Amino acid sequence: MKNKEIAKIFYEIADYLEMEEVAFKPYAYQKAAIGLETLEEDVKEIYKKGGLEALKKIPGVGESIALKIEEYLKTGKIKYYEKFKKKIPINLSEIISIEGMGPRKAKILYEKLGIKTLKDLDKKAKAGKIVPLFGFGEKTEKNILEGIEFLKRSKGRFLLGEILPKVREIEERLKSLKEVEKIDVAGSVRRMKETIGDVDFLVISKNPRRGRGSPEEVAKKIMDFFVNLPDVIKVWGKGTTKSSVRMKEGFDMDLRVLPRKSYGSALQYFTGSKEHNIALRKIAIDKGLKLSEYGLFKGKGMIAGKTEKEIYKALGVEWIPPEMRENQGEIWAALRQAQGKPNGLPKIIDYKDIKGDLHCHSKWEAGANTIEEMVEMAQKIGYQYLGIAGHTKFLRIEHGLNEKQLASQRKEIDKLNLGFRVKGLGFRILQGAETNILNDGSIDIKDEALRKLDYVIAGIHSSFKMEKEKMTERIIRAIKNPYIKIISHPTGRILKRRDEYQIDFDKILRAAKEFGVILEINSFPERLDLNDQNIRRTKEAGVKMVINTDSHHKDHLRFIEFGIAQARRGWAEKKDIINTQSLNKLLTFFGIMK
Ligand code: DGT
Ligand code: CA
Ligand code: CA
């Protein structure tokens, strides 16, 4: 799909415009980029079907931007963008991926020190060249060096949310081949880990029909197709049992063709994790058995291998959901489960258990869609309720709402809800708000206005680098606020970009427990905050959670699956997550009038 490519260019144009200190225009390009990025349909198809007019219907796309999309689709280039790049030829996205580094700073660094890449920046920062530079203090230099280290640590891994749609598309293509009988994705993708190193496909090929070639020839056809997939930019290797490729997006994919009789053991093995496999193999050894990707063997005889379930069973353990296979006590729990003892495997939340999303933005502030459009999508998903939780006034860049605007928004929501009631639809919009926890722990909206909301979320959106004790106190003060029900993205990390805030998480858990405050599992692919380990700690502390998407566009509602996946990785059960409750139960839970 061209969507992401064009979105990336628009983001860069926005950065270049910001560099030149042009007002408003950068925001327009960012909006268009978000619009493109979150579109499910291929922009090429949209253009083919409806031309320029259809392009203008994409959220955030007006006449002049539509023309640029057209230009790209026709020529593979956007002249406007090329002009910027020629003037300031730096790897802009790389440099500004460092926390605290914006386009304007990047421009100064280029003009004064000739810095074009991250490597240049690293060198100059280490040589102490940044401090004397106009406007840059010692703190900035330290931040730059920390930022570079952080980037190095997360390099080579991709967000699950970036990879999964593509993986599913490829899975479908492969499935449609007549030579393919069964296909699965194994590895960290199957375990739904927050970041992915590479993608591992497993396939059983169809038996060749009589007189129609050998199994090798069938496998070769599958491999030919695989290494010739669109967007493959490099073939690392091609054989009849295994091939490896690199995709245009930068990640690698392996594909293995396996015999039917050992498919289950291969699926088990290649799903991992490695640590889980090592622990499982130990159990096999203790029983005098041998476990490998080829099967479970007693001496030379194979006693299991066709399905994953039969392997776990033969080892005397219950089958374990892939998301839990990290050797974090799950094998012990599965053993107890199989033996009918207490403290077995938890019955983790299912992907179908969520009944509504309580953290969505709308056109009233930072979102791309109207409340009605958001609701329409929520109903399509099958939700019973949707919580609109707009940013509030402290967050000016997100057009945060003030008390008066919240009151007018309430009117719109009441009207829509009345409509649902008249039609006899059991659907309800709840009005929340994502308020800001200011530096001293106070909230940026007056109590009288908070009281009128159905529920209140509070989150940190500024001063991320406070010292640990102060930051912990800041959040705890918000937890103690009687109006605050939910803390959004509680640790503040942004994958590949920003570490967690310095906080004493145990202390926060104790406060949340005492004051009955719920911690969010934010499903946005870059956030996934709480992460799996913190989810497990939260559950163990007896603190409830809510899985939200933080949608800024109606298409973001589908991110919920990533949050659920992390909840499963953190062993969370249905009862730990408040938005698995039906509408009626949730209203009672929040003390909202029915
Ligand atoms: P990734 O790709 O870094 O996100 O993580 P995985 O888990 O997908 O790792 P990958 O692709 O290297 O290997 C896929 C699975 O194969 C892994 O989860 C477990 C299995 N595996 C790989 N190497 C070993 C090994 O040395 N020992 C054992 N027991 N299993 C291995
Ligand atoms: Ca992998
Ligand atoms: Ca691999």
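The values are calculated or read from the model by the stated rules, or taken from the named source; none is laboratory data. Since the model is a prediction, treat every value here as computed from it, not as a measurement. Reconstructed Cβ throughout: ideal geometry from the backbone, glycine too, with neighbour counts over all protein chains shown. Side chains are part of the model used for accessible areas, which takes the heavy atoms of the whole protein and leaves out ligands, DNA and RNA. Shrake-Rupley method; radii C 1.70, N 1.55, O 1.52, S 1.80 Å.
Of all the listed residues (GLY419, GLY424, GLY390, GLY382), the sole one being touching a Ser or Thr at 6+ places or on another chain (Cβ under 7 Å) and not aliphatic (A, V, I, L, M) is GLY390. Of the listed requirements (1) touching a Ser or Thr at 6+ places or on another chain (Cβ under 9 Å); (2) in contact (Cβ under 8 Å) with a residue 24 or more places away in the chain, VAL235 misses just one: (2). With respect to ARG168, is the statement that it is free of Cβ contacts under 8 Å to residues at least 40 places away in the same chain, outside any strand (DSSP E or B), away from ligand 1 (no atom under 11 Å from the Cβ) and surrounded by fewer than 17 Cβ atoms within 10 Å (Cβ to Cβ) true? Yes, satisfied. When each of GLY305, GLY400 is tested for being small (Gly, Ala, Ser) and open to solvent by 10 Å² or more (accessible area, probe 1.4 Å), the lone residue that passes is GLY400. Filtered by the rule that a residue be more than 16 Å from ligand 2 (Cβ to nearest atom) and either open to solvent by 40 Å² or more (accessible area, probe 1.4 Å) or assigned by TED's automatic domain parsing to the domain that holds GLY299 (or both), region 263-287 gives ILE278, ALA279, LEU280, ARG281, LYS282, ILE283, ALA284, ILE285, ASP286, LYS287.
For region 190-199, the candidate set comprises residues that are open to solvent by less than 20 Å² (accessible area, probe 1.4 Å) and near ligand 2 (Cβ under 7 Å from one of its atoms); within that set, the residue that is nearest to the chain's Cα centre (by Cα) is ILE196.
Looking at ILE560, ILE564, ILE535, which is the one that is outside any strand (DSSP E or B), farther than 24 Å from ARG477 by Cα, open to solvent by less than 10 Å² (accessible area, probe 1.4 Å) and at pLDDT 95 or above?
ILE564 is the lone residue from the list that is outside any strand (DSSP E or B), farther than 24 Å from ARG477 by Cα, open to solvent by less than 10 Å² (accessible area, probe 1.4 Å) and at pLDDT 95 or above.
Residues of region 171-191 that are more than 11 Å from ligand 1 (Cβ to nearest atom) and in contact (Cβ under 8 Å) with a residue 12 or more places away in the chain: GLU171, ARG173, LEU174, LEU177, LYS178, GLU179, VAL180, GLU181, LYS182, ILE183, ASP184. Looking across PHE251, PHE225, PHE270, one residue alone is within 30 Å of the chain's Cα centre (by Cα), within 16 Å of ligand 3 (Cβ to nearest atom) and within 26 Å of ASN3 (Cβ to Cβ). It is PHE251. Selection of region 446-491 for residues being in a loop (DSSP other than H, G, I, E, B), open to solvent by less than 30 Å² (accessible area, probe 1.4 Å) and either touching an Asp or Glu at 6+ places or on another chain (Cβ under 6 Å) or basic (Lys, Arg) (or both) yields SER488, HIS489, THR491. Of the residues making up region 67-99, those that are surrounded by 14 or more Cβ atoms within 10 Å (Cβ to Cβ) and assigned to a helix (DSSP H, G or I) number 15. Restricting LYS182, LYS193, LYS116, LYS112 to those that are in a helix (DSSP H, G or I) and of a type in the set (Lys, Arg) reduces the list to LYS112.
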